[in-house]
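This report concerns only the one structure given below.
Taken together, the values in this text are just the output of simple stated rules run on the coordinates, not laboratory data. Worth saying up front: this structure is predicted, and the values here are computed from it rather than measured. When we count neighbours, we look across all protein chains shown, and the Cβ atoms used for this are built from the backbone with ideal geometry, even at glycine.
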Amino acid sequence: MLKRVLIANRGEIALRILRSCREAGVETVAAYSQADRDALHVQLATQAVCIGPAKASESYLDQRALLSAALATGCDGLHPGYGFLSENADFADACAQAGVTFIGPSGDTIRAAGAKSAAKERMRAAGVPVTPGSNGPVRDVSEALAAAERVGYPVMLKASAGGGGRGIRRCQRAEELPALLAEAQAEARACFGDDEMYLEKLVLHPRHIEVQILADRFGNVIHLGDRDCSLQRRSQKLVEEAPAWGLSPQVRQAMGEAAVRAARAVGYESAGTVEFLLDPDGEHFYFMEMNTRIQVEHGVTELITGVDLIRQQLRIASGLPLELRQEDIRWTGHAIECRVNAEDPAADFRPCPGQVRFLHLPGGPGVRVDTALFSGCAMPPYYDSLAAKVLTHASTRLEAIRKMRRCLEELALEGFPTTAELCYQLMYHAAFVRGGCATDCLDTYLPELLDFSKRAAESEEAT
């Protein structure tokens with residue numbers, strides 16, 4: 001096993017990695033910015049090293065600082081978590097050249113999976129269903145217009161290096177395309193330093209289904225089932241669940257097998273996720289992208305399988321073969337995750353960093369809360385707004401929903417607005433309770449949900 005790992009991230013995922021490392025007997029070194037000097041994972045790590053100022057570009061995105069910290073503290077591994085440098089192929093290469101094991105796939109694999117237009121061609125060749133679209137990247141407006149005409153409007157413009165909803169634009173008509181392409185390219189350059197774009201047919205009212213995979217360096221690949229991540233606000237996920245509700249056994253099996261073929265097509269190694277769009281007919285699905293890192297929502301898969309995905313990443317990075325075979329994976333019950341973000345839904349989800357004045361977390365059987373918050377700590381304004389993830393697990397989906405309602409009633413987080421109340425309203429909304437929401441459901445029902453929350457708050461104040 002690896003002996004000492006640098007945690008090149010922050011917040012709840014840094015704490016999550018630290019806990020699995022400690023349980024595996026692996027020492028941890030927390031790399032932190034000046035804004036995170038009092039963070040919980042910094043306090044709990046074996047060692048901690050300040051890597052720079054608060055700005056991410058001068059700390060968590062500074063490859064040289066992170067590698068220097070790893071080498072100076074004798075780390076033989078580095079876990080990038082999600083976001084920041086987790087899908088940066090050059091950083092993975094730099095780690096390998098420095099003799100530090102990057103806990104994730106190789107740089108070549110990240111490039112193969114991350115260049116989305118090229119990845120689609122690999123998937124098509126591997127027999128994975130793909131959405132109709134451009135044949136490779138579109139280099140200018142004329143190529144984009146020609147591709148859109150061929151596949152038919154509406155279309156999606158997507159950054160090849162994109163993620164997290166960035167560098168994406170929906171285009172309904174040809175006359176909109178030039179301006180939208182320019183917008184998407186500008187956003188992609190700002191976020192990823194790469195403005196290469198591709199185009200694909202926009203599947204109307206789809207569901208966003210993803211499949212968790214594990215793969216080792218010996219060619220063993222398995223999947224751990226599917227997750228439904230369709231409840232999104234502007235391509236930002238808010239609620240996830242596993243397994244995806246209402247999939248037929250045939251589609252579920254086909255999707256799992258397609259995910260394994262996708263992983264093999266890029267020579268994948270580590271934990272990863274293959275994302276699909278499911279057509280409203282519930283029968284046809286299309287490859288969307290492959291995420292070469294641990295996902296925010298990995299916990300719902302852990303709850304229904306009993307598999308610690310971070311622990312598996314550590315084993316695979318240590319050069320060990322998978323200890324699990326496909327037939328070893330068993331799925332039990334249903335799990336739901338609600339993201340509690342430091343955002344104000346009533347103000348167009350404006351980020352609301354601040355200090356936690358009081359915090360009480362829910363508990364009980366089948367409840368898990370992933371957070372690095374504690375009473376008195378600060379949510380800095382420099383990073384992602386994710387404050388906590390509340391997860392529930394029960395024998396049925398309805399029981400998991402009821403448990404989540406109770407948990408969100410118990411949750412008390414004072415100091416700044418969050419999305420907790422919105423998630424609570426969703427747990428009662430008929431469309432969600434019925435299951436099978438499409439990716440545009442939240443945008444459709446948001447005014448109604450916000451109005452209900454507003455009236456409830458006014459009633460409480462009056463009381």
Query raised in the report: So which of GLN236, GLN295, GLN212 ends up being of a type in the set (S, T, N, Q), in contact (Cβ under 8 Å) with a residue 12 or more places away in the chain and in contact with a helix residue (DSSP H, G or I) (Cβ under 6 Å, 6 or more places away or on another chain)?
Result: GLN212
Query raised in the report: How many residues, within segment 229-247, are in a strand (DSSP E or B), buried (at least 23 other Cβ atoms within 10 Å of the Cβ) and out of contact with any Cys (no Cβ under 8 Å at 6 or more places or on another chain)?
Result: 3
Query raised in the report: Of all strands (runs of 3 or more DSSP E) completely enclosed by segment 19-88, which ones contain at least 2 residues that are farther than 22 Å from MET379 by Cα and touching a Ser or Thr at 6+ places or on another chain (Cβ under 6 Å)?
Result: 27-33
Query raised in the report: What are the residues in segment 312-359 that are outside any loop (DSSP other than H, G, I, E, B), surrounded by fewer than 18 Cβ atoms within 10 Å (Cβ to Cβ) and in contact with a helix residue (DSSP H, G or I) (Cβ under 7 Å, 6 or more places away or on another chain), if any?
Result: ALA346
Query raised in the report: Would you call LEU44 within 17 Å of ALA372 (Cβ to Cβ), of a type outside the set (Gly, Ala, Ser) and crowded, with 19+ Cβ neighbours inside 10 Å?
Result: no
Query raised in the report: Of all residues in segment 107-129, which are small (Gly, Ala, Ser), within 24 Å of GLY256 (Cβ to Cβ) and part of a loop (DSSP other than H, G, I, E, B)?
Result: ALA126, GLY127
Query raised in the report: Exactly one of (1) closer than 25 Å to LYS201 by Cα; (2) touching a residue at least 12 places away in the same chain (Cβ under 8 Å); (3) surrounded by fewer than 20 Cβ atoms within 10 Å (Cβ to Cβ); (4) not basic (Lys, Arg) is unmet by GLN250. Its number?
Result: (2)
**Report entry** Flag if ARG4 is surrounded by fewer than 19 Cβ atoms within 10 Å (Cβ to Cβ) and free of Cβ contacts under 8 Å to residues at least 24 places away in the same chain
**Finding:** no
